[in-house]
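So the structure is just underneath, and the comments pick up after that.
The values are calculated or read from the model by the stated rules, or taken from the named source; none is laboratory data. Since the structure is predicted, the reported quantities are computational estimates derived from the model, not experimental observations. Here the Cβ is made from the backbone with ideal geometry for all residues, glycine too, and neighbour counts use every protein chain on show.
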Amino acid sequence: MPIIGTSSSANIKSFLFNITGGTTSTPGDGYVYHTFTGNGTLTVSGSGSKTSQVVVVAGGGAGGNSNTSDQGPGGGGGGGGIVYSASTSLTSGSYSITIGGGGTKSATAGNRGGAGSNSSFTGLTAAVGGSGGGGVAQQASLSGGSSGGSVIGGSVGTATSGQGNIGSAGEFANSRVYAGAGGGAGSAAGTPSRVQTPGDPISYFGIAMAGGGFGYSTSQSGGVDASDASTYGYGGNGAPKGTASFASKGGSGASGVVIIRYAV
């Protein structure tokens, strides 16, 4: 996963402040960044205040599974919800940070992917984890930051207002079965094609975050597991179609992140 700039000491001093926590970087763009990829605390000491920008990204949902009977593809996982503050005042004290994990792929054939977990930063509303994509047996996707894609016969869950977008519904078209794709923080998932288009990510501080996972069709090669998502808050891809002897699994979602930046 990308970390902005070159890591340095987690001790950044300004005229009034000593700010510690996370992986601290000064990439030369006029800002100091504190990046948290696990739970932690941002500690501020000194008098006065410092204006910062904060982005909070929840974990993405996992893609749904295929099975050995229906053998259809699984829906893509939804991207994690995002909360962004363009102006958060940092004053002396401790700021608790929670990073939501990505949703876990199910070990059971045909099941929906697991939902991502919420992330939070003291003083900001928690970002909501992305929904898992529908599986061949559990067709519907659930609600989340962004919702996952469903498979034929299943409904699409709702997205969290201001944090994400909805996934797309699976359908039968052109003599093929299409699984839905996951919504992303930047847009809802698209309409069916050879690969259903996932929702777009959204970029903050030059990093794309919380895109949706792909949905596949029965015209594409199958019999393999989908790859796991690896970028902040992305949803995992849905499973390609299964075979009579192999139930393909969807990919797990990626963990979230919290990034705080302020002027040097």
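A few comments on the model shown:
- Residue in the stretch 219-237 that is free of Cβ contacts under 8 Å to residues at least 24 places away in the same chain, surrounded by fewer than 24 Cβ atoms within 10 Å (Cβ to Cβ), under 21 Å from Lys105 (Cβ atoms) and of a type in the set (S, T, N, Q) present: yes
- Any hit, the stretch 201-215, residues being farther than 17 Å from Gly63 by Cα and at pLDDT below 95: no
- Condition met for Ser147 (among the polar types (S, T, N, Q), in contact (Cβ under 8 Å) with a residue 60 or more places away in the chain, in contact with a strand residue (DSSP E or B) (Cβ under 6 Å, 6 or more places away or on another chain) and not in a loop (DSSP other than H, G, I, E, B)): no
- Consider the stretch 127-140 and keep the residues that are of a type outside the set (A, V, I, L, M) and farther than 25 Å from Ser203 by Cα. The one that is nearest to the chain's Cα centre (by Cα) is Gly134.
- Close pairs (7 angstrom Cβ cut-off, 6 or more residues apart or separate chains): within 24 Å of Ala254 (Cβ to Cβ) and modelled with pLDDT of 90 or more in the stretch 175-191, crowded, with 24+ Cβ neighbours inside 10 Å and aromatic (Phe, Trp, Tyr) anywhere: Ala179/Tyr216; Ala181/Phe214
- Members of the stretch 103-120 that are assigned to a strand (DSSP E or B) and surrounded by 24 or more Cβ atoms within 10 Å (Cβ to Cβ): Ser119
- If the condition is being part of a loop (DSSP other than H, G, I, E, B) and touching a strand residue (DSSP E or B) at 6+ places or on another chain (Cβ under 6 Å), then the stretch 210-240 contributes Ala210, Thr218, Ser219, Tyr232, Gly233, Gly238.
- Residues located in the stretch 242-262, provided they are out of contact with any strand residue (DSSP E or B) (no Cβ under 7 Å at 6 or more places or on another chain) and either more than 14 Å from Gly76 (Cβ to Cβ) or assigned to a strand (DSSP E or B) (or both): Gly242, Thr243, Ala244, Ser245, Phe246, Ala247, Ser255
- The criterion of at least 3 residues that are buried (at least 21 other Cβ atoms within 10 Å of the Cβ), in contact with a Lys or Arg (Cβ under 9 Å, 6 or more places away or on another chain) and modelled with pLDDT of 95 or more is met, among strands (runs of 3 or more DSSP E) falling completely within the stretch 42-102, by 50-57.
- Gly148 of a type outside the set (A, V, I, L, M, F, W, C) and either farther than 21 Å from Asn118 by Cβ or touching an Asp or Glu at 6+ places or on another chain (Cβ under 6 Å) (or both): no
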